[in-house]
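Reading through the structure tokens given below for one structure.
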């Protein structure tokens, strides 16, 4: 399959989710690399990905460490965080790292794909923040 040299890094420990991201993006010409752990994700930041789909709860640590490194190093990577967390305080922390997308699981795969497409057209980070998902975490 021919690619267009746009690189997607998926850091997600769920194998079914990994396959879904791999299939969707590879069929659209992306070079897709996958890590199931925090350590694996950090190791795959070189070469710099155009787009990162990041799960927060990884078996060996907090996915925010990867987003923090991307921001601290000034990388141009667009980032979508996918999370199942219902903790409002945690979500405030995540928003502080300014991901381009924040999606509550289960995600709409097309919404996450659209953020990646912005990377392909040269969209610069933080032009717009996208957040999808209404919390059903027992708010009253």
7 Å from Cα along Cα→Cβ at both residue 62 and residue 15: what's the point-to-point distance in nm? 2.9 nm
Take the stretch 47-97, compute every pairwise Cα distance, and split them into 5 Å bins from 0; I just need the percent in each bin. 5, 18, 33, 25, 13, 5, 1
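Between residue 22 and residue 39, what length comes free when the chain is fully extended (0.36 nm per residue of separation minus the Cα-Cα distance, one decimal in nm)?
Value of the extension gain: 4.2 nm.
When DSSP beta bridges are limited to those with both residues in the stretch 7-107, what percentage is antiparallel, rounded to the nearest 5?
Around 10 percent of the beta bridges assigned by DSSP in the stretch 7-107 are antiparallel ones.
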By the gyration tensor of its Cα atoms, with a ≥ b ≥ c the square roots of the eigenvalues, what is the shape of the stretch 1-85: rounded for a/c under 1.5, prolate for a/b over b/c, or oblate? oblate
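Values quoted throughout were computed directly from the atomic coordinates according to the rules given, and no laboratory measurement underlies them. Since we're looking at a predicted model, the values are computed, not measured. Note: ideal-geometry Cβ built from the backbone for every residue, glycine included; neighbour counts use all protein chains shown.
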